[in-house]
1. Over the chain, what relative contact order in percent results from Cα pairs under 8 Å that are six or more residues apart?
2. Please list, by residue number, every one of the GluC sites (Glu not before Pro) in segment 442-497 that is coil in DSSP and has at most 13 other beta-carbon atoms within 10 Å.
3. Could you tell me what percent of the accessible area of segment 563-695 is made up of carbon and sulfur, with a 1.4 Å probe and every protein chain present?
4. Starting from the 7 Å offset along Cα-to-Cβ, what nm value, one decimal, do you get for the label separation of residue 289 and residue 104?
5. Could you work out the helix-only [θ] at 222 nm for the chain, with each DSSP H run of four or more residues adding -39,500 (n - 2.57) and the total divided by the number of residues, to the nearest 500 deg cm²/dmol?
6. Relative contact order of segment 624-694, please, whole-number percent, based on alpha carbon pairs below 8 angstrom and at least 6 residues apart.
7. Taking the Cα centre of segment 278-415 as origin, sum charge times position over the Cβ atoms of Lys and Arg (+1) and Asp and Glu (-1), and report the length of that vector in debye to the nearest 20.
8. Under 20 Å Cα-Cα from residue 196, which lysines qualify once same-chain neighbours fewer than 8 residues away are excluded?
Amino acid sequence: MRISFNIRTIYLGLIFAVTFSSCVDKPLNTRVLSPDNNVKVDFFLSEKGEPYYIVNYKNKKVIDTSKMSFDLKDAESLSDNFKITAIEATTTDETWDMIWGEDAQVRNHYNELKIELEETSELKRQLNIVFKVYDDGIGFRYEFPKQKHLNNVVITDENTEFNLTENHKVWWIPGDWDIYEYLCQTTQFSEIDALKFYEPGTHLGQTYMPENAVNTPVTMKTDSGVYLSFHEADLTDYAGMTLAVDTTNLKMKSELVGNSKNIKVKRQTPFETPWRTIQITDRAGDLIESKLIVNLNDPSEIDEMPYFKPMKYSGIWWDMHIGTGSWDYSGKYHAANTEYAKELIDFSAEHNIGGMLVEGWNIGWEKWWDKKNKKVHFDFVTPYPDYDLEEVVRYGKSKGVELVMHHETSADIIRYEKQMDTAFALMKNLGIHSVKTGYVGSIIPEGEYHHGQYMVNHYQKVLEKGLETQVAINAHEPIKATGKRRTYPVAIAREGVRGQEYNAWAKDGGNPPEHLTIVPFTRMLGGPVDYTPGIFNTSLKPSRPENQINTTLAHQLALYVVLYSPVQMVPDLMKHYKGHPAMQFIKDVGVDWNTSKVLDAEIGEFITVARQEKGTKNWFLGTITDENKRALKVNLDFLDEGKTYLAKIYKDKPDSHYLENPEVYDIEEKEVDRETVLELNLAAGGGCAVSLMPL
């Protein structure tokens, strides 16, 4: 057996430990600690040679004895009869630059333990398990080495357990194999009932859930106040992971998304699984500030990305959701026309908005959801007669506004992949450097699901094509974000959340005020979220009098800081912004950041975030609350020493209320410094947005 250590710091006795049995060459227990010694992972083999792990945080167990195994098609499971043949331990402490992101630089500091296993049976199949332990959590993955008796691998189940120690409070969405667009539920772990929310046939058939499971990230709070969030990182050529829930035994087990043939993953050795991640923090805000997910991905494929600049973007989009425009050419008013696009470009240029999205520009929108019977399918190079694509691109460039392309595929992957080369070549030839993709509906080919290996590989193809043609990708109906933006910075954003559009037409009343006090601690832990904040006409009158946005206008402004994305939409109709004093905040607010801080938060109640804009000394602050009004004191001690700032505060009025009086607000200006404490009064469903610019 081989044991090797490559450690740059002299903490051998604390960071790594190997406990031997009476047989000197057979360690039964191995341990790795975080750099600050607070997180401890123990790995061991049972007497049957079964792999298990345990996680402690500050000397208290947070993950109890949990088994690790695989079920394979036409082969014995990889579950027991293992022995440890080698151990390798290393420490890494590095800093890398984000091309765009929440912070200019990221520290990647962890202790790693790689354990090589081999079966004692005649086949001697091999499996490696690698742990990386950070101050704010852990990641572990499985490696399948190249080997004689394990070549073509078909995984029917991955059985990674996460055994909890208490009946935690949990924020979760159902483990649907096709869509993440659910309201987040707040329950005790023992009360999770995902199947209660499963409605077959909804979302144009885009939904499937075979068991009581949750999607990730799923976040918990222990009785002692520790926060845990479970997710995965670097999801590549593998199925997405849901977590099957055992509410009686307080246990979760990985449940990979499969297909109609009950195949979860098909690979050839050697290969690696995605990282299984557990973030562990004392503050809710530290979950958001953590870079564990991106750090577990490979370094960037490119050193720079001069063709893409983080930006705000307007668009022909909200019209269709509120019924004032249509996507299809035969509709009452085809919104994607040259004249309207030019008006939006003029508006964008006037308000520091760098991009303009046009949906419904290309042929194929008539009955676009009826993939089997429609006569004209989507064509990603041919515009409708009333839309001059080249002229819109030319006009936008003359005004300093980039066109954001749109590819709605209606989840017909076979047709889209046949057209990808020509579609991306068109964008490259026209100098279009970003595209919003969409995958509404059930997948073609039939039997596949949005979160399975087939679609994971499709989304990867799109990223690689984007890298090749210098086109950044904003994916809707996506696979979950797992930090691949580090390796592929063209993965600028994605949806994967119940977004703003639900407020326009959802029969359940839209997104409640608490929704976006939970999303940052669940969905957004995976990566940037394209939620489309900034609706000023929150009543949605006269077009949608039966619906409304369940926040105040000040809350909508604050979302530009609270929610992170390098592309932030300004989605409302132009008439609702023109001449509106609050538009100044949208004009000023940054989209690319030097530093981001979560000042205070409690999941499902409120959150306060401050971000410093990259390339300037300007700070922006956003805070939002749930359906309860709230008084907050916000310390500005993050500001530079010795500098005075002009604070422009966009706040709720005393009589603001998300239902009764949502669109009223005050603007206050005052000089502040790092000694200042702002006293903010948030209305029910309210918020506050603050720009802080040095004098």
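1. In percent, rounded to a whole number, it is 11.
2. Listed in order of number, the matching sites are 446.
3. Numbers: 2290 of 5370 Å².
With neighbouring chains kept in place, the figure for segment 563-695 is 43 percent.
4. Those two pseudo-labels are separated by 1.8 nm.
5. So the calculated ellipticity at 222 nm is -4000 deg cm²/dmol.
6. Details: 166 pairs, mean separation 36.5, N = 71.
Relative contact order, segment 624-694: 51 percent.
7. 380
8. Filter leaves 169, 251, 253, 507.
The values are calculated or read from the model by the stated rules, or taken from the named source; none is laboratory data. It should be emphasised that the depicted structure is a prediction, and the values quoted were computed from it without experimental measurement. Ideal geometry is used to build each Cβ from the backbone, glycine not excepted, and the neighbour counts take in all protein chains shown. What goes into the accessible areas is simple: the full protein's heavy atoms, side chains included, and nothing from ligands, DNA or RNA. Shrake-Rupley method; radii C 1.70, N 1.55, O 1.52, S 1.80 Å.
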